[in-house]
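So the structure is just underneath, and the comments pick up after that.
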Amino acid sequence: MSATSLLTGHAVRSTPTAAGPVPASPGTVMARDLPADEFRAAMASLAAPVTVVTCYDDAGSPRGLTASAVSSLSLDPPLLLVCLDRGSRTHDVLTSAAAFTVHLLGPENESLARKFAGPTAQRFEDVALATGAASRHAPQLLDSALRLTCARHDVIEAGDHTILVGRVAVADCLGRPAGGLVWHHRGFAHARPVEAR
């Protein structure tokens, strides 16, 4: 039995043509999903940037969380996406906020990443905030390598997560390398450029 038929659960008829086997028809449903624990174990091998995403709630209070499922999406217009667990206490606030800021963290920001993954009520305790024009739209953490402030562009439901798409309006670089803190094999890791040979 071919690999294709194992995935689809159907025998796939092959004809000896120059083009190779006949592929499954578009939209063919696979026999089963990969079990959650196997998927989680596989994704642990995928290094992901560690960020803190912040916004204001309806009362004007700062809210935020640590997120690692973050990616650029489009250059024109400049879009990025953040995947948010629908079980998070900060989910509804972030997906309904008009604006939010994604903070890219460096290796020196591990404690900040842990803080924003901890108890919701304590996340902004003793955290220095930056002032400036962008701070009117979303809280700006003073100690982050790069801040990307976005207008909410779209919200897409996807399984047990929501994809929050932001249109980037402001990029504040603090003059040090950004994005060096990553989550890999269920722990923090430090990324650095490969030295030129």
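The values are calculated or read from the model by the stated rules, or taken from the named source; none is laboratory data. Being a predicted model, the structure only gives us computed values, none of them experimental. Note that each Cβ is placed from the backbone with ideal geometry, even for glycine, and that neighbours are counted across all protein chains shown. These area figures cover heavy atoms from the full protein model, side chains too; ligands, DNA and RNA do not enter into them. Shrake-Rupley method; radii C 1.70, N 1.55, O 1.52, S 1.80 Å.
Test residue 182 against the stated conditions and say whether it is out of contact with any helix residue (DSSP H, G or I) (no Cβ under 9 Å at 6 or more places or on another chain), of a type in the set (A, V, I, L, M) and open to solvent by 70 Å² or more (accessible area, probe 1.4 Å).
Against the criterion (out of contact with any helix residue (DSSP H, G or I) (no Cβ under 9 Å at 6 or more places or on another chain), of a type in the set (A, V, I, L, M) and open to solvent by 70 Å² or more (accessible area, probe 1.4 Å)), residue 182 does not qualify.
Residue-by-condition table, conditions (1) in a strand (DSSP E or B); (2) of a type in the set (Lys, Arg); (3) over 17 Å from residue 108 (Cβ atoms); (4) in contact with a Lys or Arg (Cβ under 9 Å, 6 or more places away or on another chain):
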position	(1), (2), (3), (4)
134	no, no, yes, yes
139	no, no, yes, yes
147	yes, yes, no, no
153	yes, no, yes, yes
156	yes, no, yes, no
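Residue-wise test of (1) open to solvent by 100 Å² or more (accessible area, probe 1.4 Å); (2) modelled with pLDDT of 90 or more.
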position	(1), (2)
24	no, no
46	yes, no
51	no, yes
68	no, yes
89	yes, yes
92	yes, yes
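Name the single residue that is nearest to residue 61 (Cα to Cα) among those in the range 107-116 being over 14 Å from the mean Cα position of the chain (by Cα) and open to solvent by less than 70 Å² (accessible area, probe 1.4 Å).
Out of the qualifying residues, it is 116.
Would you point out the residue of the range 71-106, among those that are part of a helix (DSSP H, G or I) and within 19 Å of residue 148 (Cβ to Cβ), that is farthest from the chain's Cα centre (by Cα)?
93
Conditions tested, residue by residue: (1) under 20 Å from residue 57 (Cβ atoms); (2) in contact with a Leu (Cβ under 8 Å, 6 or more places away or on another chain); (3) modelled with pLDDT of 95 or more; (4) buried (at least 19 other Cβ atoms within 10 Å of the Cβ).
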residue: 86; (1), (2), (3), (4): yes, no, no, no
residue: 97; (1), (2), (3), (4): yes, no, yes, yes
residue: 103; (1), (2), (3), (4): yes, yes, yes, yes
residue: 127; (1), (2), (3), (4): yes, yes, yes, no
residue: 141; (1), (2), (3), (4): yes, yes, yes, yes
residue: 166; (1), (2), (3), (4): yes, yes, yes, yes
